[in-house]
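This report concerns only the one structure given below.
Read-outs: derived from the displayed coordinates by stated rules, not from any lab. A quick note: this is a predicted structure, and the numbers were derived from the prediction, not measured. Neighbour counts run over all protein chains shown; Cβ positions are idealised from the backbone, glycine included.
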Amino acid sequence: MALIGTDIEHAAKLIETGEVIGIPTETVYGLAGNAFNTDAVTRIFKIKKRPSFDPLIVHTDSLSKIRGFVKAIPESALKLAECSWPGPLTLLLPKKNIIPDLVTSGLPDVAVRIPDHATTLALLQRLAFPLAAPSANPFSYVSPTSAQHVNDQLGDKIPYILNGGGSTVGIESTIIGFENNQPIVYRLGGLAIKKIEEVVGKVKVMAHSSSDPTTPGSLKSHYAPDKKVIIGDIKQLINTYKDRRFALLSFQKYYEGIPAENQLVLSATGDLDEAAKNLFSGLRQLDKLPVEYIFSELVPPEDLGLAINDRLKRAAAK
Ligand code: TXA
Ligand code: MG
């Protein structure tokens with residue numbers, strides 16, 4: 001198992017020698033290595049068992065460092081960056097040669113983000129290079145929102161996990177690219193579309209479920225637990241499957257007659273931010289139970305509810 005700790009200097013030294021470690025962010029934990037070092041990047045793909053056609057997000061702590069590895073920042077990108085960074089927003093920007101093609105899977109744009117997490121920002125400030133970091137889960141499994149989640153699945157493959165507590169947003173960043181300065185949303189995430197539109201006006205959303213791996217972040221099988229997830233009306237599902245063993249992931253309420261330990265409520269008060277924060281840990285918790293199915297309902301399709309529903313549908317599409 002990996003060592004879990006809060007030693008930023010130790011984390012920095014490991015990364016400087018080409019190691020790959022777990023790092024906290026406000027969205028989900030990342031599996032991080034030197035983005036300028038192809039050996040470290042190759043290790044990330046290997047540890048995650050991630051196909052080489054699925055590019056990585058590059059993390060750093062300042063716009064001035066970003067200017068060192070991207071060719072240009074469109075005006076609308078700059079506006080979004082100024083309003084939302086540090087935060088759960090990833091921008092696709094034309095890369096300079098210093099970013100290895102391996103990081104972007106040969107694409108001309110690099111995905112960049114400044115995460116909003118004090119520990120990781122301190123680590124990024126300490127380093128002379130940015131960190132390539134996908135979510136720290138095996139490819140296609142549910143993303144991790146705690147150091148323990150990372151340790152559960154990747155602990156035997158990495159030397160260290162920097163512990164920054166539970167991820168406060170709990171769902172991956174929103175990914176935005178640009179065509180002629182026009183923002184296009186490629187992945188729904190922790191920054192709500194509504195907030196983006198307050199800054200840059202109406203945006204095009206191209207983040208619908210698809211099994212086309214060339215559409216970023218859109219592989220259907222992403223985010224799936226091992227147990228079969230079925231989405232629908234929970235009461236009806238309970239009736240239809242009454243002789244089977246199942247767990248419930250509900251938005252606000254517990255269901256009578258079902259053992260409490262088989263139920264997970266995302267937010268008793270109906271708060272979508274809280275629901276997002278609890279989503280992945282909830283799926284992981286229910287996935288450990290001796291059941292065949294996880295029944296879930298969709299949440300209201302507004303604010304972070306859009307991203308939550310996107311992840312639930314992907315989990316069910318396995
Ligand atoms: O919140 C997050 O974004 C987390 C934390 C760790 O920062 N990271 C994360 O990374 O979710 P990952 O690798 O699990 O998902 C990144 C997605 C991928 O699905 C990939 O297709 C897309 O970003 N992506 C990365 N680089 C891209 C590029 N150059 N062009 C298009 N899509 C890209
Ligand atoms: Mg991921």
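For this structure, a couple of remarks:
- Cβ-defined net charge surrounding K13, 12 Å radius [Lys, Arg +1; Asp, Glu -1]: -3
- Local net charge near I57, Cβ-Cβ under 13 Å (Lys/Arg +1, Asp/Glu -1): +2
- Net charge contributed by nearby residues that have their C-beta within less than 12 Å of N37 (K/R +1, D/E -1): -2
- With the charge dipole of the chain set up from +1 on Lys and Arg Cβ and -1 on Asp and Glu Cβ about the Cα centre, the Cα lying farthest toward the positive end among the listed residues H10, G166, I47 is that of I47.
- Subset of K253/K318; K157/K318; K228/K288; K49/K318 violating a 22 Å alpha-carbon distance limit: K253/K318; K157/K318
- Exposure proxy order (Cβ contacts within 10 Å, fewest to most) of E19, E197: E197, E19
- Whole-angstrom Cα spans of region 228-316 along principal axes, big to small: 36, 25, 24
- Region 1-54 and region 148-171 have Cα centres lying 11 Å from one another.
- Estimated translational diffusion coefficient (Stokes-Einstein, Kirkwood radius over Cα pairs, 4 °C, 1.567 mPa s) of the chain: 65 µm² per second.
- Residue exposure sequence - I238, I66 - by fewest surrounding Cβ within 10 Å: I238, I66
- With Cα atoms defining each centre, region 100-140 and region 75-99 are spaced 12 Å apart in the structure.
- Cβ crowding within 10 Å ranks E26, E261, E274 as E261, E274, E26, fewest other Cβ atoms first.
- Share, in percent, of DSSP beta bridges within the chain that are antiparallel, nearest 5: 45
- In sequence order, calculated HN-Hα J values of region 228-236 (Karplus, 6.51, -1.76, 1.60; Hz; x Gly/Pro): 6, 9, 10, 9, x, 6, 4, 4, 5
- Projecting the Cα atoms of A307, Q252, A317 onto the dipole axis of region 237-318, where Lys and Arg carry +1 and Asp and Glu carry -1 at the beta carbon, places A317 farthest toward the positive end.
- Computing FRET efficiency as 1/(1 + (r/R0)^6) for R245 and K194, where r is the C-beta to C-beta distance and R0 is 51 Å, gives about 0.85.
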